[in-house]
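The next block holds one structure in the form of structure tokens; read it before the comments.
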Amino acid sequence: MQHISPNGWESNHPCVSIERNRRTLQSLPFYNIMLWLLLGVLTFPCCVHCLIFKVGVLGPWNCDPVYYRALPTVAARLAISRINRDPNLDLGLSMDFIILQEPCETSKALTTFIYYDKSANALVGPTNPGYCIAASLLAKSWDKALFSFSCISYELDRLTAYPTFARTAPFPADVLFTVFKHYRWATSVVISSNEEIWIETAGRVASALRMKGLPVAFVAAMGMNDTELESTLKKIQSTGGVRVIIMCMHSVLVGGEQQAVFLLKAKQLGLTSGKYVFVPYDTLHYSVPYTNVSHFALKNNSSLKEAYDAVLTITMASEPLSFNEAFEAARKSGEITLPVQPEQVNPLFGTIYNSIYLMAKSIHNARKAGMTLSGSNVAYYTKNTNFDGFNQRFEVDSRGQVKTSYVVLDSDSKGAELYQAYMVDLRSGVLRFTGKSIHFPGGSPPVADSSCWFEENAVCTGGVEVTYIIIVLAVILSMTVGGFFIGLYIRRRLQQIQLVKGPNRILLTLEDLTFINPQLSKKKITLDDLSESKSALDDKSADPSHSMNSMQTATHENSSVAVYEGDWVWLKKFEEGQFKEVKQSTTKIFTKMKDLRNENVNPFLGFFLDCSMFAVVTEHCSRGSLQDLLRNEDVKLDWMFKSSLLLDLIKGMKYLHHREFAHGRLKSRNCVVDGRFVLKITDYGFNELLESQKAPVEEPPPEELYWTAPELLRDLTHFHKGTYKGDVYSFSIILQEVVVRGPPYCMLGLPPEEIIRKVKKPPPMCRPTVAPDQAPLECIQLMKQCWSEQPDRRPTFEEIFDRFKIINKGKKTNIIDSMLRMLEQYSSNLEDLIRERTEELEVEKQRTEKLLSEMLPPSVADTLKTGATVEPEYFDQVTIYFSDIVGFTTISSLSDPIEVVDLLNDLYTLFDAVLSNHDVYKVETIGDAYMVASGLPKRNGNKHAAEIANMSLNILSSVGSFHMRHMPDVPVRIRIGIHSGPCVAGVVGLTMPRYCLFGDTVNTASRMESTGLPYRIHVNMSTVKILRSLNDGYKIDVRGKTELKGKGIEETYWLVGKTNFSKPLPKPPEIKPGGQLARNDDGGNQDSFPPGQQTSAQNVLKSGREDNIPEMELLRRQRSIRMRMDLETKRSKS
């Protein structure tokens, strides 16, 4: 055997070595050439057949049954045997093969491929195109030739990048392009089966067609079920322009079941009617037999035969023999010994054969050229080769492109044979008619596309002239530009209209405002603050002329207060010459001011322009300005009020700066206070409006400059341009006013001119002085930081807000807000309390209804709740159950009352648990008697007897393991009586009403219980008949004739069990013949007991007898004496 080295192959014969390079003999020195010739002559006879070149045939042979039928082992053996015998091939070696498995999952296939580096000297494969590039790179690193018939990536044709790769079949995309070009079918879709190998193939096919310039609408898998398949086909129908459906899956002609399912579903949805052409992809890799061959898949399925009429099968031509004929010839010659018919073999058999034969031809060419058998040389010397394949003639051109003939096959939907319609000439790229036309289902082929799709170096636009496209684009562009400018014009016009009309109009006239007399307005404003306005009114009333003027009608000339949409507004008037007209820049400022919405910013309502007057309209605040409020000594301002006003100011300025709006005119006179003592900032935007009008800058008087920052005082050209840091300085002066409750710099005693001069030209720095006791120390420090000489050291309003919250310890300082917050909290608490009480009421209601439903049937309870009368109801068939405790009187006499209550409670709780599993209704309990009925108040047909019987067996079983708490050794024995028949049910009484049953059935059931025996279920004949009619396997024994009080003697029965009832039942006492039933003291009958009386009361109870009267009486007396002694002891202690 040969030894495979990591870098290639080499013989184990000592006289041969192989070098891997492509150097020519001419490049060697002369003496080296002579030495090689001498060695070749001397060693040729002994080593001509000492080399073995092993070929690995790679494919999914084990995981795909269709590929398995390609018989790769037989194909490789046939090719190798013919190659080794072919006298025209001078290989200088013997070829051998090995079959290598390729998993069907791409990732696993690549992982497996990595371990094949030492398995063979060259590889045929891979079959999965999903990892062809990766496999080619690995083969390049191993220097092994890789011959593939299924790799369909153009990337692999780059010789420098993939020198060891070679194709063994024509490029499938070239064949498809030639056929599509003939019919001018451009747009296609690629549909694959659900296997990963075919999904990878579909993606590579689509990429190859797109590289050819053909549009592929989409690539999709069939789907895992019928719904997904139908969705895929409907997607094809909804995609416009599709002509061809390429099916990447095993052909139905070679056993592809998924293609059959796909075609049948397509036929069902009408896709095979002629609008689309279906092309199988896998037939491009082999030669489908078509001459006088009837295909089994079409022969036995008429629906598939009709669907296949829409399929064009493109396959390798059979020249000169068909695949079946070539295979049969090899079988007859003894080259193939496998007992298999050609029809059972996948024609891919021939493609494997051809690939190995092409490799042998390449080795022959390399040896002839004097080259070593490196991987790159074996792949390279496939060029300019021609050879006879299994049943085709192949040629390889100088570019390494394999050429062979293809045929287009069609069927006529009647027979199972395919006929040749066209020959595909790959050399010239045309289809040649062979004599019989294609039968299209619709009578004609699908609609043709533009021919430009198939022209090289042409930009295809779907058949539309490029000139037209340019014209259309130019028209669209011009329309777009025109539309843009028209839109701008319309937008501007709309903005102008919105300025004067609509709910958000800005420009106001005399028609919109109703002016109010200032004095009357002032009186109305200060009705709630008489002390504030008294002095002002008295001063003005002293002047008769002024008094007369105040009574005159208010106009825009003598009043700044008006009514707008029902609210009072204030007009901030411009001086004459400051404002001329509304410009575009002015409109933007108006819009920006209109968009400001904050509780502490006085809203801008509009701009008044009429009668040569211009004014900013804002909301009127009844408390006046902050300056007025501070000077009104009648208003008491503690720190809470002051901090509330300051915090409002800080929040308002913080909002303005956040909206990138510097104020520039901030002073106490521009801070107004409404009726709720909320401070609001006004006069914002006034400087911007003046700047937009190019109004002349006039230096204001010195007392108006107190709030102006020093840097702005030094440069009057920027006086009207507010800055953020300048607003902080203005805030610090307002803070001083609020803290000391006086004008700015009031404590210095200097004239305004001197103060402004010192502020403008320090040192020394001139600032107000504030005593430490007038405000918190932190507030004074903040004030000093805000009027810092250097603007960069002044904090922002964000920082001021955070620090002021710390000063107030995070408390809300607005007094009105505090009151409202308290009211809201009270309201919230009240709502929670109401909700809690409502929930408690609902819970109690549910408990009451539950208790009522446990005392009365739900239907009766609902009737009583509505106040209606419950009418008695007749039931023709019910079953009634009675039970009591045997010896209950004796047990009661030997127990305390509380112990008796505990006993009955435990026992009836046990019974109630059993009842919950049956369709029965608990009527009542009287002492130790327990009464249950079935068939009422809800009728249940004949099930009532079975329900009571099953319940009785379960109760009897549960009693067998029941023990009394105070007498655990004494068994509790019950007797049960059952009877079926009619009865009447109704509610009796108004106080504590009860749902009662009346009728002879109730009496009879009671008699059945009273004549019963311990641990036994006494059943009447009426119940027995029903149980037997149900055939549920109830076990019933005949008791015999029994005398029932008031009924006479009747035949009665014992219910002793049920076929599928597996719970244990207590063993009842035996009944002795002739035994007399004794009457006990609680009205119950006792059965006969065995002899051997016990002396203790517990033994008496265990035996169930009370005929030992003296002994029982003695026990009772002893217990009575003990109880009296206990009572006396308690009295003495008390």
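No value in this document is a laboratory result; all are computed from the given coordinates. Quick caveat: nothing in here was measured; it's all calculated off a predicted structure. When we count neighbours, we look across all protein chains shown, and the Cβ atoms used for this are built from the backbone with ideal geometry, even at glycine.
Which ³J(HN,Hα) values, rounded to whole Hz and listed in residue order, are derived for the range 295-301 from phi using the Karplus coefficients 6.51, -1.76 and 1.60 in 6.51 cos²θ - 1.76 cosθ + 1.60 with θ = phi - 60°, glycine and proline given as x?
So the Karplus estimates, Gly and Pro as x, are 7, 4, 4, 7, 5, 9, 9 Hz.
Take the alpha carbon gyration tensor of the range 852-922, find the square roots of its eigenvalues, order them as a ≥ b ≥ c, and report rounded if a/c is under 1.5; if not, report prolate when a/b exceeds b/c, else oblate. List each step's numbers first, then the result.
On the way: a/c = 2.49, a/b = 1.98, b/c = 1.26.
It is prolate, given that a/c is not under 1.5 and a/b is the larger ratio.
Using the beta-carbon distance between residue 992 and residue 62 and R0 = 56 Å, what value does 1/(1 + (r/R0)^6) give for FRET efficiency, to the nearest 0.05?
On the way: r = 86 Å, r/R0 = 1.53.
E(calc), rounded to 0.05, equals 0.05.
Suppose the chain between residue 748 and residue 1050 were pulled fully straight at 0.36 nm per residue; how much longer would it get relative to their current alpha carbon spacing?
Working: separation 302, 0.36 × 302 = 108.72 nm, distance 12.66 nm.
That pair, residue 748 and residue 1050, stretches by 96.1 nm at full extension.
How many lysine pairs in the range 857-1088, separated by 8 or more positions in sequence or lying on different chains, have Cα atoms less than 14 Å apart?
Values: 922/938; 943/1025; 1025/1035; 1035/1058.
Summing the qualifying lysine pairs gives 4.
Classify the range 658-755: rounded, prolate or oblate, from the alpha-carbon gyration tensor (a ≥ b ≥ c, eigenvalue square roots; a/c under 1.5 rounded; otherwise prolate if a/b is larger than b/c)? Don't skip to the end; give the middle numbers.
On the way: a/c = 1.89, a/b = 1.12, b/c = 1.69.
Taking the square roots of the gyration eigenvalues as a ≥ b ≥ c, the range 658-755 is oblate.
Run the numbers for residue 397 and residue 474: contour at 0.36 nm per residue of separation, minus the present Cα-Cα distance, in nm. List each step's numbers first, then the result.
Values: separation 77, 0.36 × 77 = 27.72 nm, distance 4.82 nm.
In short, 22.9 nm is gained.
Post the alpha-carbon centroid distance, the range 53-78 to the range 884-944, in whole angstrom.
83
I need the peptides 608-615, 790-797 ranked by packing, meaning the mean over residues of other C-beta atoms within 10 angstrom, with the highest value on top.
Values: 608-615: 16.2, 790-797: 14.6.
Taking the mean over residues of other Cβ atoms within 10 Å, the ranking is 608-615, 790-797.
Check residue 1058: other-chain or 5+ apart residues with amide H under 5 Å from its amide H, H built from backbone geometry?
The list, which skips near neighbours in sequence, is 1035.
Compute the FRET efficiency between residue 86 and residue 112 as 1/(1 + (r/R0)^6), taking r as their Cβ-Cβ distance and R0 = 30 Å, and round to the nearest 0.05. Kindly include the intermediate steps, with their values, before the conclusion.
On the way: r = 32 Å, r/R0 = 1.08.
E(calc), rounded to 0.05, equals 0.40.
To make sure I understand the rule: partners must be aspartates and glutamates, Cα under 13 Å from the Cα of residue 212, and not fewer than 8 residues away in the same chain. Which ones qualify?
Qualifying aspartates and glutamates at Cα under 13 Å: 174, 455, 456.
Using a cut-off of 12 Å between beta-carbons, work out the net charge of the residues near residue 865 (Lys and Arg +1, Asp and Glu -1, residue 865 not included). Show your work: numbers first, answer last.
Numbers: positive: 845; negative: 849, 862.
My count for the surroundings of residue 865 gives -1.
Karplus couplings for the range 115-125 from phi (6.51 cos²θ - 1.76 cosθ + 1.60, θ = phi - 60°), rounded to Hz, Gly and Pro as x?
For the range 115-125, the Karplus curve yields 8, 9, 5, 10, 7, 8, 7, 8, 10, 9, x Hz.
Given a Förster distance of 35 angstrom, what is the FRET efficiency for residue 412 paired with residue 337, based on the Cβ-Cβ distance and rounded to 0.05? Kindly include the intermediate steps, with their values, before the conclusion.
Details: r = 39 Å, r/R0 = 1.10.
It comes to 0.35.
Gain in length, residue 157 to residue 778, computed as 0.36 nm per residue apart minus the alpha-carbon separation, to one decimal in nm? Mind dumping the intermediate values first?
Numbers: separation 621, 0.36 × 621 = 223.56 nm, distance 8.18 nm.
Net length gain for the segment: 215.4 nm.
I'd like the distance separating the alpha-carbon centroids of the range 761-775 and the range 609-662, in whole Å.
24
For the range 106-205, which chymotrypsin sites (Phe, Trp or Tyr not before Pro) are both in a DSSP coil and crowded by at most 14 other Cβ atoms within 10 Å? Can you show the working numbers first?
Values: sites: 113, 115, 116, 131, 142, 147, 149, 154, 165, 177, 180, 183, 185, 198; in loops: 115, 116, 149, 185.
Answer in residue order: 115.
Relative contact order of the range 621-813, please, whole-number percent, based on alpha carbon pairs below 8 angstrom and at least 6 residues apart. Numbers along the way, then the final one.
Numbers: 246 pairs, mean separation 47.8, N = 193.
Relative contact order of the range 621-813: 25 percent.
Taking K and R as +1 and D and E as -1, what net charge do the other residues with C-beta under 11 Å from the C-beta of residue 451 add up to? Could you put the intermediate results ahead of the total?
Numbers: positive: 181, 184; negative: 449, 455.
With Lys, Arg at +1 and Asp, Glu at -1, the net is 0.
Can you work out ³J(HN,Hα) from phi for every residue in the range 909-917, in order, using Karplus 6.51 cos²θ - 1.76 cosθ + 1.60 and θ = phi - 60°, giving whole Hz and x for Gly and Pro?
5, 4, 5, 4, 5, 5, 4, 5, 9
If the cut-off is 30 Å between C-alpha atoms, which lysines fall inside it for residue 265, apart from same-chain ones fewer than 8 positions away?
Leaving aside lysines fewer than 8 places away in the same chain, those within reach of residue 265 are 181, 234, 235, 275, 299, 305, 414, 436.
Taking the Cα-to-Cβ direction at residue 832 and at residue 369 and moving 7 Å from each Cα, how far apart do the two end points lie in nm?
Modelled inter-label distance: 9.3 nm.
Once you order the gyration tensor axes a ≥ b ≥ c over the Cα atoms, which shape class does the range 857-1088 get: rounded for a/c under 1.5, otherwise prolate or oblate by comparing a/b with b/c? Write down the numbers at each step before the final one.
On the way: a/c = 1.57, a/b = 1.20, b/c = 1.30.
Oblate, because a/c is 1.5 or more while a/b does not exceed b/c.
Need the list of aspartates and glutamates near residue 761 for cross-linking: C-alpha distance under 13 angstrom, and skip anything on the same chain fewer than eight residues off.
Reachable aspartates and glutamates: 711, 715, 753, 789.
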